[in-house]
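Below is one structure, written out as structure tokens, with a few remarks after it.
The values are calculated or read from the model by the stated rules, or taken from the named source; none is laboratory data. Treat the numbers as computed from the prediction; the structure is a model and nothing was measured. Positions of Cβ are generated from backbone atoms using ideal geometry, with glycine treated the same way; all protein chains shown enter the neighbour counts. Only protein heavy atoms, including side chains, enter the accessible area calculation; ligands, DNA and RNA are left aside. Shrake-Rupley method; radii C 1.70, N 1.55, O 1.52, S 1.80 Å.
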Amino acid sequence: FIIEYEDAMHEPGLWHHQTEVPGTQTTAQLKLSPYVNYSFRVMAENNLGRSLPSEASEQYLTKAAEPDKNPTAVEGLGSEPDNLVITWKPLNGFESNGPGLQYKVSWRQKDGDDEWTSVVVANVSKYIVSGTPTFVPYLIKVQALNDMGFAPEPAAVMGHSGEDLPMVAPGNVRVNVVNSTLAEVHWDPVPLKSIRGHLQGYRIYYWKAQSSLTRNRRHIEKKILTFQGSKTHGMLPGLEPFSHYTLNVRVVNGKGEGPASPDKVFNTPEGVPSAPSSLKIVNPTLDSLTLEWEPPSHPNGILTEYTLKYQPINSTHELGPLVDLKIPANKTRWILKNLNFSTRYKFYFYAQTAAGSGIQITEEAITTVDEAMASRQVDIATQGWFIGLMCAVALLILILLIVCFIRRNKGGKYPVKEKEDAHADPEIQPMKEDDGTFGEYSDAEDHKPLKKAVEHLQTGLKKEDSDDSLVDYGEGVNGQFNEDGSFIGQYSGKKEKEPAEGNESSEAPSPVNAMNSFV
């Protein structure tokens, strides 16, 4: 069973957890607080959850009693140099234990022999003590009481009256320049009593001396660095080389800064310069280039010289040999001579001080082209193109001639015709296409195919019933052909036909058969 209560006097309508008892009990003994108007209700609970609460009981008012506890979070801080503000967290109504809740506030200086000073105030959370010395430690107590009496004696806490600005500046300020951009500052601490507050640290103000160009500005740009606690030294980074600086040191408390120490002056040494402000390459000629530049915006010292390095770049973007050249510091223009015409050059340029070389800038430029040389190159290129064209045409003609020659060897005029013309035998005279006779053989596209000519020849021979054969005209029994299809033997005139020698003798090849073999 879960028992809850309501304080109808101080927090009506709000139920609070009072206690829990085992489910076997039906009664409970409760420890109550004084001066509370109680109401109770009960809820049952098992493994599945809680029941609805019961109806509230009748109200029961407990008797009043003195407070049994005191306020918490007691502090003592001054808002002004001559006061002490005492604050605390008050008791709530349930903790008052009776009517007439008040607080007894007591204080005295920690280091003095003064008696406690006390005052009783109403149910508030702050009390201000005026007329106190500046930043003096105090012991403070806040005790609760009501109409029934006082709460137990509270423990004392320490506080301080109000702070004031520090009275003394740090002394014996010293500067150790580490390098061109870093310095270390040392100082002696101020006496604790002169701080008149909680020491928060020391603060360094430093600034660069104005040049003639910036002297007309209304305000000097000061930089501030704070070093926490009781440190007596600190580092100043980010200084500008070859510069004149001034600084002072101040102590800081909760109220503010104390007076500044006497100004301390120091100089940073030279450093490497920044890059030249600009680099231009003008007036290119066949063998020279003119360089113009602006000095570095931050020389960081006295410029001793400029360094110029350059190298050619070929058509494949490869870098050539590097040339190193020193230029006096008072120059802002330089002419480079004896360069190659129509050549790209890459330049590397930077300034120098006694501390070393600065940041470089790069640039590229091209010398001009020799017009006469360019014209000759154009003429040569034109002649080469023309000669190449002529060679291509000649090669094409030669190829065409070779093709024609090959085609003619494969299918030219048949040499037998010349032999046939030498004999007057009408049976083998060439025939014109008009009268159905066999004409000259050619494989040209405008003549009829050889096969058709052979057919005409066969038809003509059948009509004439000619028994002539190629053997009659050859030198031997069988006529032979060269590789090109012509007869090896020479015509010797028409021979007499020899009688057949029985069935075993084969017929001599006729011109038709020879032509078919050729086809």
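Note on region 233-322: no enclosed strands (runs of 3 or more DSSP E) hold 2 or more residues that are touching a His at 6+ places or on another chain (Cβ under 6 Å), within 19 Å of ILE359 (Cβ to Cβ) and open to solvent by less than 20 Å² (accessible area, probe 1.4 Å).
Considering SER54, SER33, the condition of being of a type in the set (Gly, Ala, Ser) and touching a strand residue (DSSP E or B) at 6+ places or on another chain (Cβ under 6 Å) is satisfied by SER54 alone.
Yes/no per residue for (1) under 17 Å from GLY201 (Cα atoms); (2) modelled with pLDDT of 95 or more:
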residue: PHE227; (1), (2): yes, yes
residue: MET235; (1), (2): yes, yes
residue: GLY258; (1), (2): yes, yes
residue: VAL282; (1), (2): no, no
residue: ASP287; (1), (2): no, no
residue: GLU305; (1), (2): no, yes
residue: ILE313; (1), (2): no, no
residue: GLU318; (1), (2): no, no
residue: LEU322; (1), (2): no, no
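Here's a check for you: in region 323-352, which residue that is among the aromatic types (Phe, Trp, Tyr) and open to solvent by 50 Å² or more (accessible area, probe 1.4 Å) is nearest to THR268 (Cα to Cα)? Among residues in region 323-352 that are among the aromatic types (Phe, Trp, Tyr) and open to solvent by 50 Å² or more (accessible area, probe 1.4 Å), the one nearest to THR268 (Cα to Cα) is TRP334.
Matching residues to (1) free of Cβ contacts under 8 Å to residues at least 12 places away in the same chain; (2) part of a loop (DSSP other than H, G, I, E, B); (3) open to solvent by 70 Å² or more (accessible area, probe 1.4 Å):
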residue: GLU4; (1), (2), (3): no, no, no
residue: MET9; (1), (2), (3): no, yes, yes
residue: LYS31; (1), (2), (3): yes, yes, yes
residue: PRO53; (1), (2), (3): no, yes, no
residue: SER57; (1), (2), (3): no, yes, no
residue: ALA65; (1), (2), (3): no, yes, no
residue: ASN70; (1), (2), (3): no, yes, no
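Can you pull out the residues in region 72-98 that are in a strand (DSSP E or B) and open to solvent by 20 Å² or more (accessible area, probe 1.4 Å)? Write out each step before concluding.
Narrowing region 72-98 to residues in a strand (DSSP E or B): 72-77, 83-89.
Of everything in region 72-98, those that are in a strand (DSSP E or B) and open to solvent by 20 Å² or more (accessible area, probe 1.4 Å) turn out to be THR72, ALA73, VAL74, GLU75, LEU77, VAL85, THR87, LYS89.
Being open to solvent by 100 Å² or more (accessible area, probe 1.4 Å) and either among the β-branched types (Val, Ile, Thr) or touching a Pro at 6+ places or on another chain (Cβ under 6 Å) (or both) is the filter; apply it to region 15-29 and report the residue that is nearest to PHE94 (Cα to Cα). Step through it out loud before you land on a result.
First, pick out the residues of region 15-29 that are open to solvent by 100 Å² or more (accessible area, probe 1.4 Å): 17, 20, 24, 26-27, 29.
Those still in the list that are either among the β-branched types (Val, Ile, Thr) or touching a Pro at 6+ places or on another chain (Cβ under 6 Å) (or both) too: 24, 26-27.
Values: THR24: 31, THR26: 27, THR27: 25 Å.
Across region 15-29, the extreme among qualifying residues is THR27.
Here VAL42 fulfils each of the conditions (1) part of a strand (DSSP E or B); (2) among the aliphatic types (A, V, I, L, M); (3) within 22 Å of LYS89 (Cα to Cα) apart from (3).
Within region 314-348, the set of residues being farther than 17 Å from ILE366 by Cβ and free of Cβ contacts under 8 Å to residues at least 24 places away in the same chain comprises PRO321, LEU322, ASP324, LEU325, LYS326, ILE327, PRO328, ASN330.
When the residues of region 353-377 are filtered to those that are open to solvent by 70 Å² or more (accessible area, probe 1.4 Å) and of a type in the set (A, V, I, L, M), which remaining residue is modelled with the lowest pLDDT? It comes out as VAL369.
Got at least one residue in region 108-119 being of a type outside the set (Ser, Thr, Tyr) and within 30 Å of VAL36 (Cβ to Cβ)?
Step one: filter region 108-119 for residues of a type outside the set (Ser, Thr, Tyr), giving 108-116, 119.
Add one more test, that the residue is within 30 Å of VAL36 (Cβ to Cβ), and what stays is 119.
Yes: one or more hits.
So that you can scan it fast, the table gives a plain yes or no per residue for (1) in contact (Cβ under 8 Å) with a residue 12 or more places away in the chain; (2) under 30 Å from THR353 (Cα atoms); (3) among the β-branched types (Val, Ile, Thr):
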{"site": "ALA122", "(1), (2), (3)": "yes, no, no"}
{"site": "GLY131", "(1), (2), (3)": "yes, no, no"}
{"site": "VAL142", "(1), (2), (3)": "yes, no, yes"}
{"site": "ALA169", "(1), (2), (3)": "yes, no, no"}
{"site": "VAL185", "(1), (2), (3)": "yes, yes, yes"}
{"site": "PRO191", "(1), (2), (3)": "yes, no, no"}
{"site": "LYS223", "(1), (2), (3)": "yes, yes, no"}
